[in-house]
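The values are calculated or read from the model by the stated rules, or taken from the named source; none is laboratory data. Source: prediction; values computed, not measured. Glycine also receives a Cβ, built like all others from the backbone with ideal geometry; neighbour counts cover every protein chain displayed. Quick note on the areas: whole protein, heavy atoms, side chains included, nothing else; ligands and nucleic acids left out. Shrake-Rupley method; radii C 1.70, N 1.55, O 1.52, S 1.80 Å.
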Amino acid sequence: MKTIHIPLSANFKKAAAKSFFALLFFAVSYSAIMVISLALATACILGGLFVAISFLSYLSMIVGAAIIGTGVLIAYFLLKFMFKLPKKRDMSHLVKITPDSEPELFALIYEVADQVGTKRPLNVYISG
């Protein structure tokens, strides 16, 4: 198989570097926001416990419970996306085709996959 080398332009290299640093900035910023938010949630929970236990009145227990609830909700909304199951993909509008039904299309698909050096697709769908 023949390998094709395409020279990269200076503009492409510059754009790639900008993209890399933008992603790096995002990762650092997001991590900092997560740490600060989790620290806030922890402070709310501990502060709520302190208020509820220290003053031992109905009002202090209600205020403490509200502060604890705030901390729990902050933590919940920060972390819930990590445990969310992926949605099933709706494929009802797609029609599965096979090499027997569309031999010319599959010949083209297989030729492109072989030239690019990738695996041939297991399934092919068309929008009906």
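Against the list (1) touching a residue at least 24 places away in the same chain (Cβ under 8 Å); (2) outside any helix (DSSP H, G or I), the condition T42 fails is (2).
All of F25, F81 fail the test of being among the aromatic types (F, W, Y), open to solvent by 100 Å² or more (accessible area, probe 1.4 Å) and more than 30 Å from Y125 (Cβ to Cβ), apart from F25. Among the residues here, P7 does not qualify as free of Cβ contacts under 8 Å to residues at least 40 places away in the same chain, in a loop (DSSP other than H, G, I, E, B) and surrounded by 12 or more Cβ atoms within 10 Å (Cβ to Cβ).
Looking at V72, V35, which one is surrounded by 12 or more Cβ atoms within 10 Å (Cβ to Cβ), in a helix (DSSP H, G or I), at pLDDT 90 or above and among the aliphatic types (A, V, I, L, M)? Only one candidate qualifies: V72. Please go through the range 56-97 and pick out each residue that is polar (S, T, N, Q) and in contact (Cβ under 8 Å) with a residue 12 or more places away in the chain. T70 - this is the single residue of the range 56-97 that is polar (S, T, N, Q) and in contact (Cβ under 8 Å) with a residue 12 or more places away in the chain. Looking across the range 104-128, the residues that are in a helix (DSSP H, G or I), open to solvent by 80 Å² or more (accessible area, probe 1.4 Å) and not acidic (D, E) come down to L108, Q115, V116.
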